[in-house]
1. Yes or no: the range 458-478 includes at least one residue that is at pLDDT below 70 and part of a strand (DSSP E or B).
2. Quick one: is residue 236 more than 30 Å from residue 124 (Cβ to Cβ), in contact with a strand residue (DSSP E or B) (Cβ under 9 Å, 6 or more places away or on another chain) and not in a strand (DSSP E or B)?
3. Wholly within the range 309-396, which strands (runs of 3 or more DSSP E) include no fewer than the required count, namely at least 1 residues that are modelled with pLDDT of 90 or more and touching a helix residue (DSSP H, G or I) at 6+ places or on another chain (Cβ under 9 Å)?
4. Mind listing just one residue for me: the one in the range 69-100 that is outside any strand (DSSP E or B) and within 25 Å of residue 253 (Cα to Cα) and, of those, modelled with the highest pLDDT?
5. Confirm whether residue 282 is closer than 26 Å to residue 334 by Cβ and in contact with a strand residue (DSSP E or B) (Cβ under 7 Å, 6 or more places away or on another chain).
6. So, in the range 425-457, of the ones that are modelled with pLDDT of 80 or more and assigned to a loop (DSSP other than H, G, I, E, B), which residue ends up farthest from the chain's Cα centre (by Cα)?
7. Right, residue 162: surrounded by fewer than 21 Cβ atoms within 10 Å (Cβ to Cβ) and either under 25 Å from residue 70 (Cβ atoms) or touching a helix residue (DSSP H, G or I) at 6+ places or on another chain (Cβ under 7 Å) (or both) or not?
């Protein structure tokens, strides 16, 4: 918009505001007449701006920056080389949270690292190592020998929208940089899966700021910068940070136990969408479906089953995976958690006592994909012929597996360019259920597939090492293409 038009628009807005104020100061008298402008007007409930409230003393901003930057470091990462490629390098930011060199950063900054080093405000570099990490919140603790650097503290309470903030980090190729903004929003969601209630601010951040702090005007940590929107490649005035309360809780558990102590019910869940809802004959769309119940878990003892639809957790509606995930993120072992579920036309309630979650394997630092995986991921898409394209066989018992969890049907082969191949099925996948009906043998699965009237089938698949999810597979080409494909991208658990 041309600047002169913008100014004109602002003048018009200002005039409208003044006129609005004038009208509000002279309300109509009984009968519709307005009082004389010279008559005294009684104005109630308006704040008194003649004596502004005393503001707490705040440190001088340059002095504050000079102090806090001593507790913030750059992180330099040499990534594991992949196949014949040269080692790649990455960088991020960390904040000292404990004297002696305990540094908080994002896990994605250091994951895949072959070597780690931190760069001090003085420009010196020191080697560092990963102490512990939490994949769910994307946080990691590093240890480096940096005596004498001050540790920053977490803010004791959540900020208010509009509160001034500072962001400190190592964006792009620059050393420690400081930007300023305000808190733009609270309790923001990154997607339908992520359990983190992000703090949103508009202080400029760019690649390299990840893991750096968002600070209040007293230099206290309000959050850890983690993400910008997917569609952005650089700062667009929207930055997301893990809030201080969550970061502090995760940090305490990592330091004390090496992992985060969360309540666990033993559920693996998948987001419902209209296509999956229709083909499973469900009555709700804004909910999540159970795809696995861990053996011996609180959910198993309460009788929950794959195919149950979860609509409430701890009294709060569950419209997306993140809603249940947030409730579990705030839980501790021993907490009682009420669930509301749909099983067919029945509405069920269950009160489960959370237990300690099984300790996951530590996030691997050397996690580059294999060369074979890299080549396979670039195969061209295949066309879908009329047949389903599955070859099934009895899987047989699994040593040391609980009988009720032994897979019965293995996909022995998937016809190239078939509907099954296009939908993402692979040889070696285990077929657990068709719709909500479990299958124990290959013949039972073949009979169900032959008798199913639906043109598109919802198959519950278990992929070794990756967990379970429902996939939609069309029986023939006449199915709406919008219903074809892998809907298992939004899967979360176990909780």
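The values are calculated or read from the model by the stated rules, or taken from the named source; none is laboratory data. Computed from a predicted structure; not experimentally measured. Here the Cβ positions follow ideal geometry from the backbone for every residue, glycine too, while neighbour counts run over all protein chains shown.
1. The answer is no; no qualifying residue exists.
2. Working: more than 30 Å from residue 124 (Cβ to Cβ): yes; in contact with a strand residue (DSSP E or B) (Cβ under 9 Å, 6 or more places away or on another chain): no; not in a strand (DSSP E or B): yes.
So residue 236 fails the test.
3. On the way: elements: 309-313, 336-343, 346-353, 390-394.
Those strands (runs of 3 or more DSSP E) span 309-313, 336-343, 346-353.
4. If we filter the range 69-100 for residues that are outside any strand (DSSP E or B), which is where we start, we get 69-71, 80-88, 99-100.
Narrowing further to those that are within 25 Å of residue 253 (Cα to Cα): 71, 99-100.
Values: 71: 91, 99: 84, 100: 81.
Looking at the filtered set, the residue picked out is 71.
5. In short, no.
6. 441
7. no
A quick yes/no check of all residues on (1) over 21 Å from residue 271 (Cβ atoms); (2) without any contact (Cβ under 8 Å) to a residue 24 or more places away in the chain:
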position	(1), (2)
313	no, no
316	no, yes
319	no, no
322	no, no
328	no, no
334	yes, no
343	no, no
353	yes, no
